[in-house]
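The values are calculated or read from the model by the stated rules, or taken from the named source; none is laboratory data. Please read these numbers as outputs of a predicted model, since none were measured by experiment. Neighbour counts are summed over all protein chains in view; Cβ atoms, including those assigned to glycine, are modelled from backbone coordinates with ideal geometry.
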Amino acid sequence: MEQSVEKILNEIRELKGYLKEYMKYHELYQKCHYHPIYSARLLYKIIVFCILVGLLAQPSLQKIANNEIFMLSYFVFIIFLVFVYPKIALQNHIKKNQPQIEEYQKLMDSVKQKIQPQYIPDNYLNMYALNKLESYFVNKRADTLKEALNLFEEEKRFDEQMKEINTIKQLQQKTLQEARETKVASWLNLYK
């Protein structure tokens, strides 16, 4: 059962449109779902911790810091600001944006239902694969879907092999550099 190139290209372009629409709704969903403080929580925790510890180091607070009750309440306050407050802020943010979150979820689900490819296998339903398949047909590198899929898989394997080769090359360069440094260090020790 040979499919015409035009039908396949039309399906690829239609699927790309659906994926773009889905990604747009997903990005909006993510923005409503995550609070900025919670998203950058590690940086937030480090900054808050540094500020609060820095305050303790102030000479005017050193006398108060010797008080055990003050220290206990101070560290409870630090724990609240670093661990509890971001979670509360996230929960409030989600609660506030719940209608928008549900709306974007419905929109994403409706787009998912539209994605029902006739020719393209499910494993290739991503922008990278669809762009590559489209380019094979447009550039006349493939005449059938099977040829295009095989070409895509070959290029994917080639890219993986190149990444492995580059990793090995970087390790070799690092080992060579360490060997040179060891050789220089041994020469320096010899002259001492």
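All but one of (1) free of Cβ contacts under 8 Å to residues at least 24 places away in the same chain; (2) under 24 Å from L9 (Cα atoms) hold for N126, so report the exception by its number.
(1)
Answer yes or no as to whether Y18 is among the aromatic types (F, W, Y), modelled with pLDDT of 90 or more, surrounded by 16 or more Cβ atoms within 10 Å (Cβ to Cβ) and in a helix (DSSP H, G or I). Walk me through how you get there before you give the answer.
Working: among the aromatic types (F, W, Y): yes; modelled with pLDDT of 90 or more: yes; surrounded by 16 or more Cβ atoms within 10 Å (Cβ to Cβ): yes; in a helix (DSSP H, G or I): yes.
Yes; evaluated as a whole, the condition is true for this residue.
Does segment 127-147 include one or more residues that are part of a helix (DSSP H, G or I), over 16 Å from K16 (Cβ atoms) and not polar (S, T, N, Q)?
yes
Hey, among the residues in segment 141-192 that are within 30 Å of K7 (Cα to Cα) and among the hydrophobic types (A, V, I, L, M, F, W, C), which one's surrounded by the fewest Cβ atoms within 10 Å (Cβ to Cβ)?
The qualifying residue surrounded by the fewest Cβ atoms within 10 Å (Cβ to Cβ) is F158.
If you check S73, S135, which single one turns out to be of a type in the set (S, T, Y) and closer than 30 Å to V5 by Cβ? Full working, then the answer.
Details: S73 fails: closer than 30 Å to V5 by Cβ.
None of the other options fit; the residue is S135.
Could you tell me whether any residue of segment 148-168 is part of a helix (DSSP H, G or I) and over 29 Å from N126 (Cα atoms)?
Within segment 148-168 (the criterion being part of a helix (DSSP H, G or I) and over 29 Å from N126 (Cα atoms)), the answer is yes, since at least one residue qualifies.
Would you check which residues across segment 78-114 are of a type in the set (V, I, T) and either surrounded by fewer than 16 Cβ atoms within 10 Å (Cβ to Cβ) or on the phi > 0 side of the Ramachandran plot (or both) and list them?
Initially, segment 78-114 is screened for residues of a type in the set (V, I, T), giving 78-79, 82, 84, 88, 94, 101, 111.
Passing the criteria: I79, V84, I88, I94.
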